[in-house]
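Notes to accompany the following structure.
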Amino acid sequence: MIPPGKTLGILGGGQLGRMLGQAAQSLGYRMHVFEPAGPCPAGAVANKEVIASYDDTAALTAFARECAVVTYEFENIPSAPLAAIAPLVPLRPAAEVLHTTQNRQREKAWLRTHGFPHARYAEALDGDIAPAVADVGLPCVVKTADFGYDGKGQMKIADAADLERAVAIFRGRRCVVERWVEFACEVSVIVARSTTGETRAFPVAENIHTHHILDFSIVPARVAPTVSREAELLAAAIVEKLGVVGLLAVEMFVTTAGALLVNELAPRPHNSGHWSIDGCATSQFEQHVRAVCGLPLGAVDVREPTVMVNILGDAWKWENEKVVGDPNWAALLAEPRAKLHLYGKAEPRPGRKMGHFTVRAADAETALARARELKAQL
């Protein structure tokens, strides 16, 4: 066990690192952050901020020597330099987990190898997606193997005209092509696994996306109890087989036939878990700290049905591509059952995640209706 008072190192300085560090500090830990492009949201609340490239082995080594354990807040970190710190400090989740989940091709291959349900896919690793599309069939989705999030690096192909455009767009890039899934909804399960092998899954969240970016997360998910239980068991099996110490977010499709298909894995706190800060006995961020530090895992009882809403830079008032006014914070803050969380980012941009808010109510439908009203008022 790494007791409170020690230093937790976080690779990455975005909002996930910020909230993770705040949870660590609440438990009594110090928090150091390593980020190539500072100053950053996590650095603003850190005990120490190191601004250096992930390839700067000397800086990374010095950072590691000051920490009792190191974790990361997103996957787009080159896994090779992490070998330099492996002998110096525990890295949780391990570099092997990061290597698998930061690349769609490796992730899909891992799911297939271990028999976990997923959409049919084909690899296009030579820069030409046409043969993979022919193998999978239309409609389908082409996704770059690397550096994809919030819908970036992917495109749906429905007909020959789409295919012609996609061939040009993705030429020379390593990709996977997935069969289009007719789904009833999208859900996610965030599951924690500790150094002792203890696992605990947060309740299933139902996720609604707009323009490929998470818009609403609803807990409890509006799915059958049997689907929720199956999703939790599936996530627990994946976290165990992958050997994660920390959190793993498992995003899934619920098909129109009621089956579950794994879409993506993220070995870190996840956007769809932000509801837990206000709606759960233990937040996902505290749970991650507990897991990587070898503490007993916290309870995951839902305090009350909760809806989380992302606040994007689009919520600011814009004229001629310039910000001319803030969102209507007064309307949101006047709601006693809503909680606002801003990430401390320097400037809003369309599509940029600037914060989120949560709404709690007696049932999920009431919480969602009020959340939609408040979002419209912003």
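The values are calculated or read from the model by the stated rules, or taken from the named source; none is laboratory data. None of these values were measured; they are calculated from a predicted model. As a convention, Cβ positions derive from the backbone with ideal geometry for all residues, glycine included, and neighbour counts pool all protein chains shown.
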Can you tell me which condition residue 321 does not meet? The list is (1) among the charged types (D, E, K, R); (2) closer than 24 Å to residue 17 by Cβ; (3) at pLDDT below 95, and all the others hold. (2)
Which one of these does residue 71 not meet: (1) in contact (Cβ under 8 Å) with a residue 24 or more places away in the chain; (2) closer than 21 Å to residue 29 by Cβ; (3) part of a helix (DSSP H, G or I)? (3)
Filter segment 64-93 down to residues that are small (Gly, Ala, Ser) and at pLDDT below 95 and give me whichever is farthest from the chain's Cα centre (by Cα). 84
For segment 118-133, state whether one or more residues are out of contact with any strand residue (DSSP E or B) (no Cβ under 9 Å at 6 or more places or on another chain) and part of a helix (DSSP H, G or I). no
Identify all residues within segment 57-74 that are touching a Gly at 6+ places or on another chain (Cβ under 9 Å) and not aliphatic (A, V, I, L, M); write none if there are none. 63, 66, 67, 71, 72, 73, 74
Which members of segment 82-93 meet the condition of being surrounded by 18 or more Cβ atoms within 10 Å (Cβ to Cβ) and either of a type in the set (A, V, I, L, M) or outside any loop (DSSP other than H, G, I, E, B) (or both)? 82, 85, 89, 91
Of everything in segment 252-267, what is of a type outside the set (A, V, I, L, M, F, W, C) and either touching a Pro at 6+ places or on another chain (Cβ under 8 Å) or more than 30 Å from residue 22 (Cα to Cα) (or both)? Give them in sequence order. 255, 256, 258, 267
Of the residues 222, 229, only one is more than 19 Å from the chain's Cα centre (by Cα), under 17 Å from residue 371 (Cβ atoms) and either at pLDDT 95 or above or β-branched (Val, Ile, Thr) (or both); which? 222
Out of all the residues in segment 256-274, is one or more modelled with pLDDT of 95 or more and out of contact with any strand residue (DSSP E or B) (no Cβ under 9 Å at 6 or more places or on another chain)? no
From 223, 262, grab the single residue that is outside any strand (DSSP E or B) and in the same structural domain as residue 365 (by TED's automatic domain parsing). 223
Residue 183: under 28 Å from residue 310 (Cβ atoms) and crowded, with 22+ Cβ neighbours inside 10 Å, yes or no? no
Just to check your reading of the model, which residue among 134, 166, 158, 130 is out of contact with any Gly (no Cβ under 9 Å at 6 or more places or on another chain), more than 28 Å from residue 240 (Cα to Cα), at pLDDT 95 or above and buried (at least 21 other Cβ atoms within 10 Å of the Cβ)? 166
If residue 335 meets every condition in (1) of a type outside the set (Val, Ile, Thr); (2) within 17 Å of residue 279 (Cβ to Cβ); (3) within 20 Å of the chain's Cα centre (by Cα) apart from one, which number is that one? (3)
Take the conditions at pLDDT below 95, outside the structural domain of residue 344 (by TED's automatic domain parsing), farther than 22 Å from residue 244 by Cβ and surrounded by fewer than 18 Cβ atoms within 10 Å (Cβ to Cβ) and apply them to residue 61. Does it pass? no
Determine which single condition residue 358 fails, assuming it passes every other condition in (1) more than 22 Å from residue 17 (Cα to Cα); (2) of a type outside the set (Gly, Ala, Ser); (3) within 19 Å of the chain's Cα centre (by Cα). (1)
Quick one: residue 268 ticks every box in (1) without any contact (Cβ under 8 Å) to a residue 24 or more places away in the chain; (2) assigned to a loop (DSSP other than H, G, I, E, B) bar one, so which box is it? (1)
Return the pair list, or none, for Cβ contacts closer than 7 Å from residues in segment 198-213 that are within 27 Å of residue 245 (Cβ to Cβ) and assigned to a loop (DSSP other than H, G, I, E, B) to residues that are at pLDDT 95 or above and polar (S, T, N, Q), at least 6 apart or on different chains. 202/276; 202/284; 204/228
Residue match in segment 39-48 (condition: assigned to a helix (DSSP H, G or I), surrounded by fewer than 24 Cβ atoms within 10 Å (Cβ to Cβ) and in contact with a Phe, Trp or Tyr (Cβ under 6 Å, 6 or more places away or on another chain)): no
Could you give every pair whose Cβ atoms fall below 6 Å, whose first residue belongs to segment 106-125 and is surrounded by 15 or more Cβ atoms within 10 Å (Cβ to Cβ), and whose second residue is hydroxyl-bearing (Ser, Thr, Tyr) and in a strand (DSSP E or B), counting only separations of at least 6 or pairs across chains? 108/121
